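A quick write-up on the structure given underneath.
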Amino acid sequence: MSLHRKAQLLVVITLAALLVIMYVILQAILLHSYTQLEQQSVENNVERLLNRINDDLSILSSQTADYAFWDSTYAFVQEYDNDYALEMTPETLANLSLNLTLWMNIEGKIVFHKTIDLASLRDTPLPTGLVDYLAAGSPLLRQPADKTGVQGIMMLADRPLMFAVQPILTSAQTGPAVGTLIFGRWMDAAYIQQILTALRQDVTLYRVNDPLLPDDARSALALLNGETTIITRPVDEQRIQGYTLLHDLNGSPALLLRLNMPRAIYMQGTGTLVYFLLAMVIVGLVFIILISILLQRTVITPLAKLSERITFIRQRADLSERINMLGKDELAVLAQNMNGMLGALDEAQQALKDANQQLELRVAQRTAQLSDTNDRLREEIAAREQMQVELAQARDQALEALQLKTQILANISHDARTPLNIIILRTQMLQSERQGDINPQQREMLDSILVNARQLLLFFNNLLQEAQLKVDKLQVKNVGFAPAALLDEVTALLAPLAERKGLTLESTVAPDVPTRLIGDPDKLSQILTNLVENAIKFTEHGSVSVHILRADQERWALQVSDSGIGIPDDAQSQIFDTFWQVDGSVTRQIGQGVGLGLAIVRQLTTLMGGEITVSSQAGTGSVFTVTLPLHKDTWYEPASIDN
Ligand code: ADP
């Protein structure tokens, strides 16, 4: 939707809303005051009606007084002068607009009466019920002392009667009163017609006890009471009605007076409202047209021009173009700001172009540098590759040399072990005295030979083992064995060594260790021998103890503890390296080994899927723990009776 259309729509909506609001407000205020005015007018007219009836009653009262305060009447009532009575002809009554006249003496006796029909001037009978009103003691009957009369409405059987009562006095209005004079007039259709003609009002009179009372009159009757004397009620858009009550001489509601009026005031109000709204619509339309023209000239056309110019600049992509717009309004300011922005963009674009050129230059320089570096790197890589080839060759040669060395070492160890075994065997035979008795000196010498030979054998065993480990020749066996027997075997072998140094050698097997396990007893024996031998070797006083225990549900352990020299903290991580010793100097004691024992222990342990740890403190002693996976020999020890 264009801006022009939007602006028009906005004005139309605002105007429509204004009209609706004005209509609601005017209806509330204007029509309300017109309605009040109308109600006031109806009430005034009803009061005029009432005044008219009261005026008629006053006239009736003064007519009665004219006749009652008169010497002739005074005499007639006492003397019954028929000639005087003859003056009260139907014509006389009609002239006075009277329907009834009744003359009574002071005793309450009717001395004369006449009732006529005003239309035909014929005599009619005394209305029924009237005599009841005039019975002895009635407030209507004048007493000798009375000087004033009574007037009002009397509800007789067939119709209401407007009446006036006066005491009969002399012409000088002196008493005592000698009777009562009553003048009456029917409040019938003729009377209403008379009022209607006089006041030019549409009036209806209902008896309140009329069984045929219409609904509107009945409901109005219910609302009228001591406080509300007049009520008004619109019938429709054209007519409104006003109601009031007339009371009889006893003060009881007797007649309901209904006034029917056209709603001239109200219709004038609605007419004013319509004219006002019509005027507003016309003013609004003029307003819309004016606003439209003004908007078009001052905002929309310049805005369209601005938009056109911006589109032109965008299409040409030429930031040096500018927008020309004269004036000092917001649109001119906007155009100026846009020109400023175009200038800034132009500058920025130029700066960007320069930066781009510089960047391209730098990229070219860097590319050239990179290509140089690349060439250099390629040369370096080629040199390194060459170096790697040479290194690989050197490594292969070294490996070959190692292999050869290991092979020689293995051969030596193997060849040395045979004569050593023979020496041990022969020494043991000599010790057993099967070849003849030996003296204690000889026994000691034999012991010494045996211990040293065993140490030498262990050393060669280690050398051989290491050589085999190097060439991956070692195979792990999986056979059943008794841990306790294994322990006994090793301690028996090394006990003499401990004894010679005056050390106690203890060994225990924890009760939760299965009696038989699956594993490689030879390798386990070598592990244990190496560890116990080290413990004896590096302990001067105290004891060496060996435990076989259960590490947890799935593992068991060999633990060798001593009270020897211990291992300094910084050396503990290195003792498992091949040919490594804490004291690697040439001054160390002879027969202290070559630093292979623990390396072999670790390799064998790893080979069997276990691990070795050491906990030691220099000067206090060491504890070596070899933990291994637990495989029970179920052939001997079924799982059901296991701990
Ligand atoms: P060696 O043949 O020298 O005993 P090992 O590999 O068995 O070689 O031991 C390496 C070094 O670890 C030993 O030289 C020794 O310094 C140290 N060592 C090993 N066991 C103990 C121990 N129980 N107490 C103190 N030091 C030990």
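Here is how the numbers come out for the structure above:
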read-out: Where a residue in the range 393-410 is hydroxyl-bearing (Ser, Thr, Tyr) and its partner, wherever it lies, is outside any helix (DSSP H, G or I), with Cβ under 7 Å and at least six apart; value: Thr406/Val471
read-out: Which listed residue is modelled with pLDDT of 90 or more and either under 60 Å from the mean Cα position of the chain (by Cα) or more than 11 Å from the ligand (Cβ to nearest atom) (or both), from Gly610, Gly621; value: Gly610
read-out: Matching entry among Leu259, Leu249, Leu352, Leu245 (being farther than 30 Å from Arg159 by Cβ and either at pLDDT 90 or above or not aromatic (Phe, Trp, Tyr) (or both)); value: Leu352
read-out: Unmet requirement for Gly149, which otherwise passes all of (1) among the small types (Gly, Ala, Ser); (2) touching a strand residue (DSSP E or B) at 6+ places or on another chain (Cβ under 8 Å); (3) on the phi > 0 side of the Ramachandran plot; value: (3)
read-out: Single residue of Gln442, Gln465 found to be farther than 14 Å from Val532 by Cβ and more than 15 Å from the ligand (Cβ to nearest atom); value: Gln442
read-out: Some residue of the range 433-440 being buried (at least 17 other Cβ atoms within 10 Å of the Cβ) and either touching a residue at least 24 places away in the same chain (Cβ under 8 Å) or more than 22 Å from Gly595 (Cα to Cα) (or both); value: no
read-out: Among the candidates Gly226, Gly269, residue that is part of a helix (DSSP H, G or I) and either outside the structural domain of His32 (by TED's automatic domain parsing) or in contact (Cβ under 8 Å) with a residue 24 or more places away in the chain (or both); value: Gly269
read-out: Boolean, Val286 is of a type in the set (A, V, I, L, M) and in contact (Cβ under 8 Å) with a residue 60 or more places away in the chain; value: no
read-out: Hey, Ser545 more than 25 Å from Val476 (Cα to Cα) and modelled with pLDDT of 95 or more or not; value: yes
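Each row is one residue, and each column tells you yes or no for (1) hydrophobic (A, V, I, L, M, F, W, C); (2) near the ligand (Cβ under 7 Å from one of its atoms).
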{"site": "Asn534", "(1), (2)": "no, yes"}
{"site": "Ser543", "(1), (2)": "no, no"}
{"site": "Val546", "(1), (2)": "yes, no"}
{"site": "Glu554", "(1), (2)": "no, no"}
{"site": "Ala557", "(1), (2)": "yes, no"}
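The values are calculated or read from the model by the stated rules, or taken from the named source; none is laboratory data. Quick caveat, the model's predicted, so the values are computed rather than measured. A quick note on method: Cβ atoms are made from the backbone with ideal geometry, for glycine too, and the neighbour counts reach across all protein chains shown.
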